[in-house]
Amino acid sequence: MKKNIFVLLIFAVTAVVCSCSFFEETEDVTFNLQAASSENQTLTEKNQWEFFYISEDGSLSSLKSFGGKINLAVPKNMAFAVTCICESTAECYGTIYPYKINLTAEDFFAADVLLSLTAAAVREKDYKEVQLYLSRFNWQRFMIECSNFPDKSKLDKEKVMTAIASGKFKKTDIKEIF
């Protein structure tokens, strides 16, 4: 009888210890800048970059780094945007995790939309609630659709953000401002 209790106790302790990692809400991810050419990659590594993201408490945070790499604790199974700007050239890069970990100029617009929506909504609602709502949106498809536009700086960000926030976004909402 004592042997069975001891075995059950060992099993219970082992199960608790092993399952703790399953309940972690964040995971560490290294984000990298991916320049368009090898020449740009050399410049990327020499310049200082300012990365923007939403921290665990829901506030907009920034971090400066040389070399184009940043390691962040990101929420598991949630859309998470990271953008960065080169301080000397004003180049903009971005990505949305878990779909990509390399920041590119092509994905900056989509990442900026998610980052802006999250930052704006967190002021009025709980961060976890906002994260859950925005993670239901198909960001991967949105990044693909945005890549069809050569100059993303001309896209109507406000219209896109309003449509996503209202839950009534359509592909045709992605339009250039003339």
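The values are calculated or read from the model by the stated rules, or taken from the named source; none is laboratory data. If you're wondering where the values come from, they're calculated on a predicted model, not measured in any experiment. Virtual Cβ from ideal backbone geometry, glycine too; neighbours counted across all protein chains shown. Heavy atoms of the whole protein, side chains included, go into the accessibility calculation; ligands, DNA and RNA do not. Shrake-Rupley method; radii C 1.70, N 1.55, O 1.52, S 1.80 Å.
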Single unsatisfied condition, residue 66 versus (1) more than 16 Å from residue 52 (Cβ to Cβ); (2) of a type in the set (Phe, Trp, Tyr); (3) in contact with a Ser or Thr (Cβ under 7 Å, 6 or more places away or on another chain): (3)
Against the condition open to solvent by 20 Å² or more (accessible area, probe 1.4 Å) and farther than 27 Å from residue 173 by Cα, how does residue 138 come out, does it pass? no
Residues (part of a helix (DSSP H, G or I), among the acidic types (Asp, Glu) and either farther than 23 Å from residue 165 by Cβ or at pLDDT 95 or above (or both)) located in segment 81-130: 112
Just to be sure, is residue 156 under 16 Å from residue 78 (Cα atoms) and either in contact with a His (Cβ under 7 Å, 6 or more places away or on another chain) or of a type in the set (D, E, K, R) (or both)? no
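Take the conditions out of contact with any Gly (no Cβ under 7 Å at 6 or more places or on another chain), under 19 Å from residue 25 (Cβ atoms) and open to solvent by less than 30 Å² (accessible area, probe 1.4 Å) and apply them to residue 72. Does it pass?
For residue 72, the condition - out of contact with any Gly (no Cβ under 7 Å at 6 or more places or on another chain), under 19 Å from residue 25 (Cβ atoms) and open to solvent by less than 30 Å² (accessible area, probe 1.4 Å) - is met.
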Restricted to segment 48-81 and to residues being touching a residue at least 60 places away in the same chain (Cβ under 8 Å) and of a type in the set (A, V, I, L, M), the residue nearest to residue 115 (Cα to Cα) is 54
Selected residue (only one of 88, 135 is of a type outside the set (A, V, I, L, M), touching a strand residue (DSSP E or B) at 6+ places or on another chain (Cβ under 9 Å), without any contact (Cβ under 8 Å) to a residue 60 or more places away in the chain and closer than 16 Å to residue 58 by Cα): 135
Against the definition (of a type in the set (Ser, Thr, Tyr) and within 13 Å of residue 52 (Cβ to Cβ)), how does residue 153 come out, yes or no? no
